[in-house]
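Structure below; questions to follow.
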Amino acid sequence: MTYLTSLFAGLLFGLGLIVSGMVNPGKVQSFLDLAGAWDPSLMLVMGGAIAVGLVAFTIAKKRAVTFIGEKIDLPHGTKIDVRLVAGSALFGIGWGLAGFCPGPALVGAGMGLSSAFIFVAAMIAGMLLFELIEKVRRPK
Amino acid sequence: MSIAWNAFTPWSALTGGVMIGLAAAILILMNGKVAGISGILAGVLKPFNRNGYWRLSFLLGLLIAPTVYGCFSPLPVLQIDAGVGRLLLAGLVVGLGTRYGSGCTSGHGVCGLSRLSVRSLVATLTFMGAGFVTVFVVRHILNW
C-alpha cells in the first residue's frame, strides 16, 4: 500500500511539474532573470503548492500516524548555519546555470532527454562526492 | 525589470502548483514522509538501505510522469540552453549543494515553507537569491 501511495505521489508531482512549466529550464531561467523579460509564473507554482501544503502539514503536525497507520516523519532540524546557507547557495548557482533542479531533471530524464541525463548523472556524482567528503572528514 | 506578459502562464502555473502540493500532501499524510526530491534520491544512493522502497516507487512515479502525460496531451518542448560542460558543472553543484543544504526546491521550498520552518525559509531565500545572481551574471555580464 505504501509503495502505491508513494508511486502515485511521485507521478502526480511529476505531472504537476510538467503542467506548471517548471520542467522547462528556459522558463525557470526566465523566472530567475529579474533584469531581463521576467516571467513571474513560478511564483504561482510555489504559491499553489504551498497553499495545499499548508493544510496538509497542519494536519500532519497534529497526528502521530498517517491515515494508513505509518509513522509521521517530520524534519526536526532548526539549525541555521554555514552548512545550510553555503549548501543552498551552491544549489542556487547550479539551478541558475542549467535551469534544472532535482525534480524537473528527473522528469526530463523520463522524457529521454540526453541533457537531463547528463545533469542527473552529474547530480548523483555530486551527492556521492558529498558522502565521500563527509566520510573522510568524520571517520566512524 | 520588465514583465514578460506573453510568457506568463498564471493558470497552468497555479494548476501545476496545486498538483505538486497535493502530491506532497499524499506523501506526508499517507506515507508520513516529506516530498524532498534531493533527499529521496540521496536515500536510494545509500547501499543496504532497507527502508528505501517507498523512495524508489516515488522516483519511478516521477520518471513515468512524461509517459503518462503523453497519453493525454503532447509533451511540451523544453528549452535547454546549457551545453554539456555547463550541465555537468551545474549538476555537480546541485548534487553537492542540496546535500550540504539538506534540501532543494521541493523539500525546503514547498514542504519546508508549508511547515512554516524558518530554517527552510532561510534555505529558500538563499537558493533563490543565488539563482537570481547566477542568471544575472551569466546572461547580462558574461553574455553566454
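Could you state the number of Å between the C-alpha centres of the range B:12-57 and the range B:67-128?
Here the two parts' Cα centres lie 13 Å apart.
How many nm separate the modelled label positions at A:VAL82 and B:SER12, each set 7 Å beyond the Cα in the direction of the Cβ?
4.4 nm
Given R₀ = 22 Å, FRET efficiency for A:LYS135-A:ASP73 by Cβ-Cβ distance, to 0.05?
Details: r = 24 Å, r/R0 = 1.11.
It comes out at approximately 0.35.
Let me ask something else about it. With the crude spin-label approximation of a point 7 Å out along Cα→Cβ, what separation in nm comes out for A:LYS62 versus B:LEU125?
So the two model labels end up 3.0 nm from each other.
Please compute the average number of Cβ atoms from other chains found within 10 Å of each residue's Cβ in peptide A:73-84.
Values: counts 5, 7, 13, 1, 5, 4, 2, 6, 2, 1, 4, 10.
That works out to 5 on average.
Could you order the peptides B:10-17, B:41-48, B:28-35 from most to least packed, using the average number of other C-beta atoms within 10 Å per residue?
Numbers: B:10-17: 19.4, B:41-48: 14.8, B:28-35: 24.8.
Output ranking for B:10-17, B:41-48, B:28-35: B:28-35, B:10-17, B:41-48.
If Lys and Arg each add +1 and Asp and Glu each add -1, what is the summed charge of the other residues whose beta carbon sits under 12 Å from the beta carbon of B:LEU45?
Numbers: positive: B:LYS46, B:ARG55, B:ARG99; negative: A:GLU131.
Counting the neighbours of B:LEU45, the net charge comes to +2.
Follow-up. Between B:LEU113, B:PHE136, A:VAL23, whose Cα lies farthest towards the positive end of the dipole of the protein assembly as shown when Lys and Arg beta carbons carry +1 and Asp and Glu beta carbons carry -1, centred on the Cα centre?
B:LEU113
For B:SER102, B:SER57, what's the fewest-to-most ordering of other Cβ within 10 Å of each Cβ? Please list the in-between numbers first.
Working: B:SER102 23, B:SER57 20.
Least crowded to most crowded, the residues run B:SER57, B:SER102.
Taking 0.36 nm per residue of sequence separation and subtracting the Cα-Cα distance, how much length would be gained by fully extending the chain between A:LEU113 and A:ALA125, in nm to one decimal? List each step's numbers first, then the result.
Working: separation 12, 0.36 × 12 = 4.32 nm, distance 1.86 nm.
Difference between extended and current length: 2.5 nm.
Post the alpha-carbon centroid distance, the range A:76-130 to the range A:26-53, in whole angstrom.
The range A:76-130 and the range A:26-53 have Cα centres separated by 18 Å.
The numbers here are math on the coordinates, done by the rules we state, and not lab data. In this text, all values refer to a predicted model and were calculated from it rather than measured experimentally. Note that we place each Cβ from the backbone using ideal geometry, even for glycine, and neighbour counts take in every protein chain shown.
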